[in-house]
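Asker: Structure incoming, see below.
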Amino acid sequence: MKLRELAERLGCELRGDGGVEIEGVAGIERAGPGEVTFLANPRYAAHLATTRAGAVILAPGHEAPLPCLVSENPYLAFTRAVAVLRPPARPAPGVHASAQVDPSAVLGADVHVGALAVVGRGVRLGARSTLHPQVVLYEGVEVGEDCVLHSGVQVRERCRLGNRVVVQNGAVIGGDGFGFARDPEGRYQKFPQVGIVVIEDDVEIGALTAVDRAALGETRIGRGTKLDNLVQVGHSVTIGEDSVLAGQVGIAGSTRIGSRVTLAGQVGVAGHLTIGDGVVATAQTGIPGSVERGSVVSGYPAIENRAWLKSSAVFAKLPELQKRLRELERKVESLLEKLAAR
Amino acid sequence: MKLRELAERLGCELRGDGGVEIEGVAGIERAGPGEVTFLANPRYAAHLATTRAGAVILAPGHEAPLPCLVSENPYLAFTRAVAVLRPPARPAPGVHASAQVDPSAVLGADVHVGALAVVGRGVRLGARSTLHPQVVLYEGVEVGEDCVLHSGVQVRERCRLGNRVVVQNGAVIGGDGFGFARDPEGRYQKFPQVGIVVIEDDVEIGALTAVDRAALGETRIGRGTKLDNLVQVGHSVTIGEDSVLAGQVGIAGSTRIGSRVTLAGQVGVAGHLTIGDGVVATAQTGIPGSVERGSVVSGYPAIENRAWLKSSAVFAKLPELQKRLRELERKVESLLEKLAAR
Amino acid sequence: MKLRELAERLGCELRGDGGVEIEGVAGIERAGPGEVTFLANPRYAAHLATTRAGAVILAPGHEAPLPCLVSENPYLAFTRAVAVLRPPARPAPGVHASAQVDPSAVLGADVHVGALAVVGRGVRLGARSTLHPQVVLYEGVEVGEDCVLHSGVQVRERCRLGNRVVVQNGAVIGGDGFGFARDPEGRYQKFPQVGIVVIEDDVEIGALTAVDRAALGETRIGRGTKLDNLVQVGHSVTIGEDSVLAGQVGIAGSTRIGSRVTLAGQVGVAGHLTIGDGVVATAQTGIPGSVERGSVVSGYPAIENRAWLKSSAVFAKLPELQKRLRELERKVESLLEKLAAR
C-alpha cells in the first residue's frame, strides 16, 4: 500500500513522499524501509534521526527526516495502521468434525467451532463468532456476534457474552463464587452460587483471568472494559464501561467499580465497596474502603497518591528521623537539667 | 414450597403467614413475592421496610413487616435454603462417547465422565463423582466419592482427592513444584518433583488455582479447607482443616498452615514457616516469619494488626511529622544559642 | 543400587559402608533404611542423629552416624541422586488416535502426542518432545527437541520454543498483549498484537503462567530461566539467562530483565524499565523504576533492602515516635514560656 493511501485511511496529514510502499509495521528501533512506525513517547524521539523506517506517525510538533503521517494521537493512528496492514486472520466458517456440539445448540451464520470444542445444551452462538479449539461452553450459555474465544476458555452454565467480546486463552467465566457459611461446628457450608456472569459488548478478558458467577443475581462487566491476564473478579462484582484492570488485579465480592476506572497491576480491592468513576489506583495499591470518583490513590491502605508519594519519601528516611528525635530528646533533657540546677 | 415447610427443613422459628408459597431465593434488594431473602449484615437492615420478598430469614433481634424465619445464624440458614430451593443439577450418570478412558481405570457407580475428558491408566474414580468436559486425570490418580471436577481441571500423576471435593475450572493439582539446584556454572538443575498432592474430604479448590506436588513426600490440603481462585500453593506445603485462603494468596514451599486459618486476598507467605491455628492475615499481608496461633496480622513485613493500623495512620502523616521535627530542632538550636549567649 | 555406585555417579566422596543398598530418596525426617537423604539447611542438622536413612549427602564439615556422601553442594548432589534413582517416566512414542494433528505439521522422531491434543497447520515438533493430553499448538508454532508440555498448555500462533523446554499444566504462551489506544470518545481500540513469544533452551514455565506475545517484534525468555506458577509476563518483555521468577510475579510490558535475576513471590515490575543482571527483589516488592545490576531491593516503592529493613523496623514504632515528638514539643513549649517569663 502506498503511504498516501494509508494516510487517507487513517485520516492523517501526509508530509513527504506519499509514493513510498508500506507493507508492514514495526517499532522505531526495528523498523525497516517498507515499514511504518510511530512516535508517541517523547523518550524515543532521538530514534527519529536514525530509524530505517519507511515512514513515521507522529504528533504535530515533531520533525523527522523521513515521510511522516501527522496525527494528534499517534498511538491511536498507529493502532489503526496495524489493523489495516496486519488484519487478523479469521478462521474459515465451519464446525470441526471433532467438536462436540449438542443438537439443541443454535449456531449463527458463519461461526467457526474449532477442534475438540464442547458446546452444551441450549447454547446460542452468534453470527461470525469463533470458538478456538477446546473451548467449553456449558449449557445455556449465550455468546453474541463477532466474538473470539481462544483455546482453553471455559464459560459456565447460563452466562452471557455480548457482541465483539474477546476472551484470551484459559480464562474462566462463571466459576462458582467463593461463598461459604460457617456452621456452629466451625465447618464451612457451601452457598450454592446460582447467579450468572454477564459480559457486555466490546469487552476483552485476558488469559487465565477468572470472573466468578454471582451467588444470586449477576456479576457484570460493562461495555468496552478491558481485563488483563490473571485478574480475579469476585462474585456479584459490577464494573462499569471503558474501565481497565491490569494484570493480577483482584476484586473481592459485591464491589462496584465505576466507568473509566484504571486499576494498575496487582491492585487489590476489598469487598462490598464502591469505586467511583474515573478512579485511578497505581500498581499494588490495596483498597480497603470506598473511593470517590476521580481520585488517584496509592499504597496500602490506599491514600491519595500525592500524599502517599510524600510519605513514601519520608519512609525511606525513618531511621534518620528516629535518630534526630533521639538526639533532640537528649538535648532537651540536658537543657532541663541545667536549668533546674541553676 | 410453603414457607411453613421451609421453616421446618431449616429448623427456624416461623413468624407470620406460613402459607406463603416460596419458589426461589434472592438478595434483599431484588427479591420478589415468591422469593425468600435474608438479613445478615446490619447495614442492609433499612431494606427490610421496602423489600418485596415473600419472606426473610433474620436474627432474633430484628422486626420486619413480612413473614420471617428466625435464626441465630441467618446466613447459614439462607445458605441451606438455597440448597433446598435451588438444588444443583447433577449430570446424568454415564461416560460420554468422546471421553478417553484407559481400560485399566476403575469407575465407581453412577459416575459422570463428560465429553473429551481424559482418564489415565490405573485411575480410580469414586461413586457418583462428576468429571465435566475436558478434565484430565493423569495415571494413578485417585478421586473419592461425590466429587465434582469442572471443565479444564488437570490432576497430575498419583495425586489423591478425598470425598466431596469440588474443583473449579482450570485448576491444576500436582504440577511440578519449583525446585532447582544451582550448579557451579550458575545454571539451575531441575530437582525432579517425585512427591504427590493429597486433598482431603470436603475441600474446595478455586478456578485457576495451582497446588504443586511435593518434591518428596506430599503436599496436603486438610479436610474442609477452601481455596479461592488463582491461589498458589507451593510444594510440600501442608494446610490444616477448615482454613480459608482467599483469591490470589500465595504460599511458598514447605510452609505449614494450621487449622481455621484465614488468609485474605493477595496475602503472601514465605517458605519453611509455621502459621498457627486460627491465625488471620488481612488482605495483601506479607508474612516473612512464623506466626503464633490466634494472631491477627497485617502489613509487610507482617506485624500485629492493631499496631499496623496505628502505624499506617501515622504513615499518612509522615511529612507533617518530619516538618514538626525540623521545627523543633530549630527551636531547640536557637534556645541553646540564646542560653550560651547569656 | 549400591551406595558405592551412587557415590561414583554423583562424584561424591564415600564415608562408611559403600555396600548399603539404596533404592529411593526421601527427606531427612521421613527417610527409611533403603533411602538416601541430604542435609543442606543447617537447621535440620539435629536430625542427623535420629534419621533412619540408609545414607546421607552432606557438606564436608558435618559428621553423621550413618554412611555419608560428601559434597561441596549437597542439594545439587541430592538433586542428581533423585534424577538417578527416580528417573522420570517418558511416555511411549506415538500419536494418540484422538489427537487432532494437521497433515502439514512436521513431527520429529519419537515424539509423543497425547490424547485430544491439537497440533495446528505448519507446526514443527522436535524429536523426542512430549505433548501431554489436550495441549493446543496454534498454527506455525515451533517446539524444539526433548520438550515436555503438560496437559492444558496453550501455545499461540507462530511462537517458538527451544530445546528441553518444560511447560507445566495450563500455562498460556503467546496470548495477546494488553494493548489498547484510547480514542477521542474515551473508548479503547485494540492494538493488534502481531508479535510472537520466543522461549529459549532449558527454560521452565510454571502452571497457569501467562507469557504474552509482543505487540510488534517478540517477547523473549532467555536460556535456562525458570518461571514459577501464575506469573504474568507482559508483551515485549525480555528476560535474560538463568533468572528465576517465583510464584505470582508480574512484569509489565516492554521491561527488560537481566540475567541471573531473582524476583521472589508476588513481586511486581512496572513497564518500560531495565532491571540489571543479578538483581534480587524480595517478596512483594513493587519496582516502579529501573534497578542497577547487583542491587537487592525491597518494599514499595522499592528501595535498597537494608534501608528498607531498617525503615520497616521504625515503621512498627511510628505511634511511639509520634508520641515522643508530641511530648518533646510540649517540653520545649513550656521551656520557652518559662524563659520568656523570667
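Asker: Quick one: net charge around A:GLU139, please, counting Lys, Arg +1 and Asp, Glu -1 for every other residue with C-beta under 15 Å from its C-beta. The partial results should precede the final answer.
Answerer: Values: positive: A:ARG121, A:ARG124, A:ARG156, A:ARG158, A:ARG160, A:ARG213, B:ARG90; negative: A:ASP102, A:GLU142, A:GLU157.
Taking every Cβ under 15 Å from that of A:GLU139, the sum is +4.
Asker: Placing the label point 7 Å from Cα along the Cα-to-Cβ direction, what are the distances from C:ALA109 to the equivalent spots in the other copies, shortest first, in nm to one decimal?
Answerer: Nearest first, the other copies' label points are 5.4, 5.4 nm away.
Asker: What number, in percent, do you get for the relative contact order of segment C:278-332 if the mean sequence gap of Cα pairs under 8 Å and at least 6 apart is divided by its residue count? Before the final figure, lay out the partial values.
Answerer: Values: 51 pairs, mean separation 13.3, N = 55.
Once divided by the residue count of segment C:278-332, the mean separation gives 24 percent.
Asker: Sorted from largest down, what three extents in whole angstroms do the Cα atoms of segment C:143-202 have along their principal axes?
Answerer: Sorted from largest, the Cα extents of segment C:143-202 read 50, 19, 15 Å.
Asker: If you don't mind, another one. Any idea what the relative contact order of segment C:1-103 is, in percent, if you count C-alpha pairs under 8 Å spaced at least 6 apart? Intermediate results must be reported in sequence, preceding the final value.
Answerer: Working: 172 pairs, mean separation 24.9, N = 103.
The value is 24 percent.
Asker: Next question, about the same structure. Starting from the residue with the highest accessible area, list A:PHE191, B:PHE38 in decreasing order, probe 1.4 Å.
Answerer: Per-residue accessible area, sorted high to low, gives B:PHE38, A:PHE191.
Asker: What pairs from A:LYS331/C:LYS317; A:LYS317/C:LYS226; A:LYS338/C:LYS323; B:LYS338/C:LYS317; C:LYS2/C:LYS226 go past 31 Å between their alpha carbons?
Answerer: Details: A:LYS331/C:LYS317 22 Å; A:LYS317/C:LYS226 35 Å; A:LYS338/C:LYS323 24 Å; B:LYS338/C:LYS317 34 Å; C:LYS2/C:LYS226 33 Å.
Table pairs above 31 Å Cα-Cα are A:LYS317/C:LYS226; B:LYS338/C:LYS317; C:LYS2/C:LYS226.
Asker: Evaluate peptide A:213-219: per residue, the Cβ atoms of other protein chains within 10 Å of its Cβ; return the mean as an integer.
Answerer: 3
Asker: Continuing with the same structure: Sorted by accessible area (1.4 Å probe), largest first, how do C:GLU8, B:GLU200 line up?
Answerer: Values: C:GLU8 140, B:GLU200 45 Å².
Sorted descending by solvent-accessible area, the residues read C:GLU8, B:GLU200.
Asker: Just checking the output field for A:222-230: average partner chain Cβ neighbours within 10 Å of each residue's Cβ?
Answerer: Values: counts 0, 1, 6, 1, 5, 1, 9, 15, 13.
Whole-number average of other-chain Cβ neighbours for A:222-230 is 6.
Asker: Peptides B:72-83, A:201-212: what's the order by average Cβ count within 10 Å, highest mean first? The partial results should precede the final answer.
Answerer: Details: B:72-83: 21.9, A:201-212: 27.9.
For the peptides B:72-83, A:201-212, the packing ranking is A:201-212, B:72-83.
Asker: Which whole-angstrom value gives the distance between the alpha carbon centres of segment B:221-285 and segment B:3-37?
Answerer: Distance between centres, Cα-based: 37 Å.
Asker: Using a probe of 1.4 angstrom, how much of the accessible area of the protein assembly as shown is carbon and sulfur, in percent?
Answerer: The C+S portion of the solvent-accessible surface of the protein assembly as shown is 51 percent.
Asker: Across segment A:242-254, in residue order, what do the Karplus-derived ³J(HN,Hα) couplings come to in whole Hz, using 6.51 cos²θ - 1.76 cosθ + 1.60 with θ = phi - 60° and x for Gly and Pro?
Answerer: 6, 9, 10, 10, 7, x, 6, 5, x, 10, 6, x, 6
Asker: For A:ARG324 paired with C:ARG124, estimate the spin-label separation in nm (one decimal), with each label point 7 Å from Cα along the Cα-to-Cβ line.
Answerer: 6.4 nm
Asker: Next question. So what is the relative contact order of chain B, in percent, for Cα pairs below 8 Å that sit 6 or more residues apart? Present the calculation step by step, with values, prior to reporting the outcome.
Answerer: Numbers: 946 pairs, mean separation 21.0, N = 342.
Across chain B, relative contact order equals 6 percent.
Asker: Another question, then. Given +1 on the Cβ of Lys and Arg, -1 on the Cβ of Asp and Glu, and no further charges, what dipole in debye does segment C:192-311 carry about its Cα centre, rounded to the nearest 20?
Answerer: It works out to roughly 340 debye.
Asker: Search the structure for amide H atoms under 5 Å from the amide H of C:THR130, placed 1.01 Å from N in the peptide plane, and list their residues when 5 or more places away or on another chain.
Answerer: Answer set, sorted by chain and number: C:HIS112, C:CYS147, C:VAL148, C:LEU149.
Asker: Tabulate in residue order the Karplus-calculated ³J(HN,Hα) for segment B:198-209, using 6.51 cos²θ - 1.76 cosθ + 1.60 with θ = phi - 60°, rounded to whole Hz; enter x for Gly and Pro.
Answerer: 10, 10, 7, 4, 6, 7, 10, 10, x, 4, 6, 8
Asker: Based on the mean of other Cβ atoms within 10 Å per residue, sort peptides A:307-314, C:24-31, B:12-19 so the most packed one is first. Before the final figure, lay out the partial values.
Answerer: Working: A:307-314: 17.9, C:24-31: 19.4, B:12-19: 15.1.
Highest mean packing first, the order is C:24-31, A:307-314, B:12-19.
Asker: For chain A, what is the mean residue ellipticity at 222 nm derived from helices alone (per DSSP H run of n ≥ 4: -39500 (n - 2.57); sum divided by total residues; nearest 500 deg cm²/dmol)?
Answerer: Values: 4 runs with 55 residues, N = 342.
Result for chain A, helices only: -5000 deg cm²/dmol.
Asker: So what is the accessible area of the protein assembly as shown per residue, in Å², with the probe set to 1.4 Å? All intermediate terms of the calculation are to be shown ahead of the outcome.
Answerer: Details: 39240 Å² over 1026 residues.
With all protein chains present, the protein assembly as shown gives 38 Å² per residue.
Asker: Between beta-carbons, use under 10 Å as the cut-off and find the net charge around C:ASP17, counting Lys and Arg +1, Asp and Glu -1. It would help to have the intermediate numbers written out before the result.
Answerer: Details: positive: C:LYS2, C:ARG4, C:ARG15; negative: none.
Net of charged neighbours comes to +3.
Asker: Report the extension gain between C:THR262 and C:LEU336 in nm, rounded to one decimal, defined as 0.36 nm multiplied by the number of residues separating them, less their alpha carbon distance. Show your work: numbers first, answer last.
Answerer: Numbers: separation 74, 0.36 × 74 = 26.64 nm, distance 5.49 nm.
Gain on extension, C:THR262 to C:LEU336, equals 21.2 nm.
Asker: Measuring from the lowest to the highest alpha carbon on each principal axis, how far does segment C:209-288 reach, largest first, in angstroms?
Answerer: On the principal axes, segment C:209-288 reaches 31, 23, 20 Å in Cα extent.
Asker: Over both sides of the C-A contact, add up the buried accessible area with a 1.4 Å probe and give it to the nearest 100 Å².
Answerer: Values: alone 18340 and 18350 Å², together 31340 Å².
The contact between A and C buries close to 5400 Å².
Asker: Rank by packing, highest mean first: peptides A:286-297, B:98-109, A:173-184, B:132-143, with packing defined as the count of other Cβ atoms within 10 Å averaged across residues.
Answerer: On the way: A:286-297: 17.2, B:98-109: 15.4, A:173-184: 22.6, B:132-143: 25.4.
The densest-packed peptide leads the list: B:132-143, A:173-184, A:286-297, B:98-109.
Asker: How charged is the neighbourhood of A:ASP102? Take every other residue with its Cβ under 12 Å from the Cβ of A:ASP102, and add Lys/Arg as +1 and Asp/Glu as -1.
Answerer: Values: positive: A:ARG121, A:ARG124; negative: A:GLU139.
Result for the neighbourhood of A:ASP102: +1.
Asker: While we're here: For peptide A:329-338, what's the mean number of Cβ atoms from other chains within 10 Å of each residue's Cβ? It would help to have the intermediate numbers written out before the result.
Answerer: Numbers: counts 6, 0, 7, 11, 2, 1, 7, 4, 0, 1.
Mean shielding count: 4.
Asker: What is the set of long-range amide H partners of B:VAL280 at a cut-off below 5 Å, with H atoms built 1.01 Å from backbone N?
Answerer: It is B:THR262, B:SER295, B:VAL296, B:VAL297, by chain and number.
Asker: Could I ask something else about it? Can you compute the FRET efficiency between C:ASP183 and C:SER290 using 1/(1 + (r/R0)^6), with r the Cβ-Cβ distance and R0 = 41 Å? Round to the nearest 0.05.
Answerer: Details: r = 31 Å, r/R0 = 0.76.
Efficiency, from the Cβ-Cβ distance: 0.85.
Asker: When each copy gets a label point 7 Å from Cα toward the beta-carbon at C:ARG86, what are the spacings between them in nm, shortest first?
Answerer: Its label point is 4.4, 4.4 nm from the equivalent points in the other copies.
Asker: For segment C:153-168, just list the computed ³J(HN,Hα) in residue order, Karplus coefficients 6.51, -1.76 and 1.60, θ = phi - 60°, integers in Hz, with x standing in for Gly and Pro.
Answerer: 6, 10, 10, 7, 3, 6, 6, 10, 10, x, 9, 6, 7, 10, 10, 6
Asker: I would also like to ask the following. List the distances, in nm and shortest first, from the label point of B:LEU336 to the matching label points in every other copy, placing each point 7 Å from Cα along the Cα-to-Cβ direction.
Answerer: Relative to the other copies, B:LEU336 has label-point distances of 1.7, 1.7 nm.
Asker: To continue, here is another question. Using amide H atoms built in the peptide plane, which far-off residues or other-chain residues are under 5 Å from B:ASN229 H to H?
Answerer: Sorted by chain and number, the residues that satisfy this are B:ALA207, B:GLY247, B:GLN248.
The values are calculated or read from the model by the stated rules, or taken from the named source; none is laboratory data. Quick caveat, the model's predicted, so the values are computed rather than measured. Note that we place each Cβ from the backbone using ideal geometry, even for glycine, and neighbour counts take in every protein chain shown. Note: areas computed on protein heavy atoms with side chains; ligands, DNA, RNA excluded. Shrake-Rupley method; radii C 1.70, N 1.55, O 1.52, S 1.80 Å.
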